[in-house]
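Please see the structure below; I have some questions.
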Amino acid sequence: MPAHAQTHRLHVEATASAPALLLRPWAPADAAELASLYQDDALRRWTSVPVDDEPSAARWIGEQRRGWEAGDRFAFAVVECGAPDARDGLVGHAVLKGVAPGVPSAEVGYWTAAHARGRGVAPR
């Protein structure tokens, strides 16, 4: 496992109405679930890179990992942990992109999976 996958994690505590979240680097094992999430037309409308199947999901994850290695793009899988329905799975994506030395700003992007929309994932 790359060093960034072990050290670059953000835990968001559970609230009275929502389970905890974990933001962690994308992993090759996420490809099948990512491909499934991308079947949502609303998600596809707002993303710039098509993910049509598991191989294209694996390529997309590879690009996210290369961004970590280059230090110019930091993409996180957002995982819901300890949900009452015991579904510890992907609920979204958050990314800091356009990171460059000496540049005081970067762009933030995100999406939320269809099954997690309206549950406060993005604001948290």
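Ignoring ligands, DNA and RNA, what accessible area per residue does the chain give at 1.4 Å, in Å²? Can you show the working numbers first?
On the way: 7160 Å² over 124 residues.
I get 58 Å² per residue for this part.
Based on the Cβ-Cβ distance from Ser48 to Ala14, what FRET efficiency comes out when R0 is 35 Å, to the nearest 0.05? It would help to have the intermediate numbers written out before the result.
Numbers: r = 32 Å, r/R0 = 0.92.
With a Förster radius of 35 Å, E is 0.60.
Per DSSP H run of n ≥ 4, the term is -39500 (n - 2.57); total these for the chain, divide by its residue number, and report the mean residue ellipticity at 222 nm rounded to 500 deg cm²/dmol. Spell out each step's value before the answer.
Working: 4 runs with 35 residues, N = 124.
It comes out at -8000 deg cm²/dmol, rounded to the nearest 500.
Accessible area of Glu69, 1.4 Å probe, to the nearest 10 Å²?
Glu69 exposes around 130 Å² with every protein chain in place.
Which ³J(HN,Hα) values, rounded to whole Hz and listed in residue order, are derived for segment 19-36 from phi using the Karplus coefficients 6.51, -1.76 and 1.60 in 6.51 cos²θ - 1.76 cosθ + 1.60 with θ = phi - 60°, glycine and proline given as x?
x, 5, 10, 10, 9, 9, x, 5, 10, x, 5, 7, 4, 5, 5, 4, 4, 5
Something else: Would you mind telling me the share, in percent, of accessible area of segment 31-77 contributed by carbon and sulfur at probe 1.4 angstrom? It would help to have the intermediate numbers written out before the result.
Details: 1310 of 2630 Å².
Whole-percent figure for carbon plus sulfur exposure: 50.
Computed FRET efficiency, Cβ-Cβ of Ser56 and Ala27, R0 22 Å: what is it to the nearest 0.05?
Details: r = 16 Å, r/R0 = 0.74.
Calculated value: 0.85.
The values are calculated or read from the model by the stated rules, or taken from the named source; none is laboratory data. These numbers come from a predicted model, not from an experiment. FYI the Cβ positions are ideal-geometry reconstructions off the backbone, even for glycines, and counts take in every protein chain you see. Areas reflect the complete protein model, heavy atoms only, side chains present, ligands, DNA and RNA absent. Shrake-Rupley method; radii C 1.70, N 1.55, O 1.52, S 1.80 Å.
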